[in-house]
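Student: Sending over a structure as structure tokens; questions will come in a sec.
The values are calculated or read from the model by the stated rules, or taken from the named source; none is laboratory data. Everything numeric in this text was worked out from a predicted model, so none of it was measured. Cβ placement follows ideal geometry from the backbone for every residue including glycine, while neighbour counts extend to all protein chains displayed. Just the protein is used for accessible areas: all its heavy atoms, side chains included, with ligands, DNA and RNA removed. Shrake-Rupley method; radii C 1.70, N 1.55, O 1.52, S 1.80 Å.
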Amino acid sequence: MSNTRFLTADALSGAVAALAATRRVLIPVRQPAVKQSVIFAPYATGMPVELMRATIPPKEAVLPQCETLISYRMLKDARNPGSGSRLELDDTPQAEATVVFGCRPCDARGFAVLDRPYLKGPFADPYYTARRHCLTVVTQTCPDVESTCFCHWTGGGPNSAEGSDVLLTAVADGYLLEAVTEKGDALLAALDGTAGVTDGTDRQEEARNARAAVQALLPAAPDLATAPQAVAARFADGDFWEAQTAQCLSCGACTYMCPTCYCFNITDEGDGVERPGRRIRTWDTCMSPLFTREASGHNARMTKAQRMRNRVSHKFSTYPGTWEGAFSCNGCGRCVSNCPVHLDIRDIVLAALNGRQGA
């Protein structure tokens, strides 16, 4: 059989259930809230499978909001006090076979952005590495676009395969699944024999036409080839950053909802003496006033303008400088749509490119 499968619309839930029988499957799930949110959560029997655009990216599949790096405890022999103490620790990475099912191309590209520092940097992160190697990503090519989408500005698009193992495209009466990696081939093979799954070779042209129609909905993108140099040239221009971030509340929503932000904090809990202690890693945000406060009390970035300068410069200047021109912004638009004061990172980058001072 080819590396494509056609999945009928009414067999979608059954296919997800079949995968979930042997691994964890994360799917978009609605969360009750004043403002509806959609998160990725583990599939459980009977859950509806809806391929909605998620409010929160599936980044937690490889970089949890909170994870234990090391658990430890000090043990003493009460019958032999002079023998001293013995340290027991466990730094085994926690990873399990996982499928992210139904994310969007900007989310999948987020994994590619995280891979560079966590897998390809001077020191590979063992916890990230373990989870990434266990991860298979099934990406839904976008059926439409939103006004906040600008993935095509940053090298992606509504049909990008970067970071994905399987591309899923909605066609008449169902979905075409196309493997783009060996992991993707294995996942499609795992679906063979599932009701509603057949060879998809004869649906490929239909899928290509559907993807081209969505691509055509995007407005022309500006040329960001010189953005790294333009943003870097503004680094010392305090007035520019003050003007661009005057409304910012430093709430951090832009970073917590970003598929590519990877700042973290490390904290020790408990002393480990006769009871467990642990070292944990948690998400952090460079937009927080506490992010760069040193133990001495000195803070290298006291103002929100300095913190926004750091965030934008990293995504559009320093990261591309380190990783051969790749931006660490995927243009998902979540920072735009979820900002309470409507700051738009696109305006900041264009202002730097066009020599403007204000928004």
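Student: Assess whether Gly46 counts as being closer than 21 Å to Met257 by Cα, among the small types (Gly, Ala, Ser) and open to solvent by 20 Å² or more (accessible area, probe 1.4 Å).
Tutor: no
Student: Got a number for residues in region 323-359 being of a type outside the set (Asp, Glu) and without any contact (Cβ under 8 Å) to a residue 40 or more places away in the chain?
Tutor: Going through region 323-359 one residue at a time, the tally reaches 3.
Student: So, one more: With the requirement that a residue be open to solvent by less than 50 Å² (accessible area, probe 1.4 Å) and touching a Pro at 6+ places or on another chain (Cβ under 8 Å), what does region 300-336 give you?
Tutor: Arg307, Phe316, Ser317, Pro320, Gly325, Ala326, Phe327, Ser328, Asn330, Cys332, Arg334
Student: Hey, among the residues in region 336-359 that are farther than 26 Å from Pro58 by Cα and assigned to a loop (DSSP other than H, G, I, E, B), which one's modelled with the highest pLDDT?
Tutor: Per the stated criteria, the residue is Gly355.
Student: Among the residues of region 45-78, how many are under 25 Å from Leu12 (Cβ atoms) and touching a residue at least 12 places away in the same chain (Cβ under 8 Å)? If you could, list the steps in order and put the result at the bottom.
Tutor: In the first step, residues of region 45-78 are kept if they are under 25 Å from Leu12 (Cβ atoms); the result is 45-62.
Subsequent filtering for residues that are touching a residue at least 12 places away in the same chain (Cβ under 8 Å) retains 45, 47-62.
Selection size over region 45-78: 17.
Student: So is Gly297 modelled with pLDDT of 95 or more and either on the phi > 0 side of the Ramachandran plot or hydrophobic (A, V, I, L, M, F, W, C) (or both) or not?
Tutor: Considered against the rule, which asks whether it is modelled with pLDDT of 95 or more and either on the phi > 0 side of the Ramachandran plot or hydrophobic (A, V, I, L, M, F, W, C) (or both), Gly297 comes out as no.
Student: Which number in (1) of a type in the set (Phe, Trp, Tyr); (2) in a helix (DSSP H, G or I); (3) in contact with a Ser or Thr (Cβ under 7 Å, 6 or more places away or on another chain) marks the one condition that Phe235 misses?
Tutor: Status for Phe235: all satisfied but (2).
Student: Now a separate question. List every residue pair whose Cβ atoms sit under 7 Å apart, with the two residues 6 or more apart in sequence or on different chains, where the first one lies in region 107-122 and is among the hydroxyl-bearing types (Ser, Thr, Tyr) and the second, anywhere, is assigned to a helix (DSSP H, G or I).
Tutor: Once the first residue is among the hydroxyl-bearing types (Ser, Thr, Tyr) and sits in region 107-122, its partners that are assigned to a helix (DSSP H, G or I) give Tyr118/Tyr128.
Student: Then there's this: Pairs, please: C-beta under 7 Å, at least 6 apart or cross-chain, first residue closer than 7 Å to Phe6 by Cα and in region 195-206, second open to solvent by 70 Å² or more (accessible area, probe 1.4 Å) and modelled with pLDDT under 95?
Tutor: Qualifying pairs under 7 Å: Asp199/Met1.
Student: Take the residues of region 338-359 that are of a type in the set (S, T, N, Q) and within 17 Å of Gln244 (Cα to Cα): which is least open to solvent (accessible area, probe 1.4 Å)? I'd like the intermediate steps shown before the answer.
Tutor: Applying the first criterion (of a type in the set (S, T, N, Q)) to region 338-359 yields 338, 354, 357.
Right, trim to within 17 Å of Gln244 (Cα to Cα) and you get 354, 357.
Details: Asn354: 105, Gln357: 75 Å².
My answer is Gln357.
Student: Would you confirm whether any residue within region 257-265 is without any contact (Cβ under 8 Å) to a residue 12 or more places away in the chain and of a type outside the set (Val, Ile, Thr)?
Tutor: no
Yes/no matrix, rows are residues, columns are (1) modelled with pLDDT under 95; (2) among the β-branched types (Val, Ile, Thr):
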site: Ala220; (1), (2): no, no
site: Val231; (1), (2): no, yes
site: Leu249; (1), (2): yes, no
site: Tyr256; (1), (2): yes, no
site: Phe291; (1), (2): yes, no
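Student: Sort through Val336, Val349, Val341 and tell me the only one that's under 13 Å from Thr148 (Cβ atoms) and of a type in the set (A, V, I, L, M).
Tutor: Answer to the check: Val336.
Student: Tell me, which strands (runs of 3 or more DSSP E) wholly within region 63-122 include 1 or more residues that are at pLDDT below 95 and either among the basic types (Lys, Arg) or open to solvent by 80 Å² or more (accessible area, probe 1.4 Å) (or both)? Give the derivation first.
Tutor: Working: elements: 66-76, 85-90, 98-103.
Ranges flagged: 66-76, 85-90.
Student: Evaluate the following for Gly14: is it outside any loop (DSSP other than H, G, I, E, B), closer than 23 Å to Asp144 by Cβ, small (Gly, Ala, Ser) and at pLDDT 95 or above?
Tutor: Numbers: outside any loop (DSSP other than H, G, I, E, B): yes; closer than 23 Å to Asp144 by Cβ: no; small (Gly, Ala, Ser): yes; at pLDDT 95 or above: yes.
The answer is no for Gly14.
Student: Here's a follow-up. Please specify each residue of region 314-335 satisfying the condition of being under 21 Å from Pro58 (Cβ atoms) and outside any helix (DSSP H, G or I).
Tutor: Listed by number, the residues that qualify are Ala326, Phe327, Ser328, Cys329, Asn330, Gly331, Cys332, Gly333.
Student: Of (1) part of a loop (DSSP other than H, G, I, E, B); (2) over 23 Å from Arg334 (Cβ atoms), Glu50 satisfies all except one. Which?
Tutor: (2)
Student: Considering each residue of region 23-42, count those that are open to solvent by 40 Å² or more (accessible area, probe 1.4 Å) and either modelled with pLDDT of 95 or more or in a strand (DSSP E or B) (or both), and give that number.
Tutor: 6
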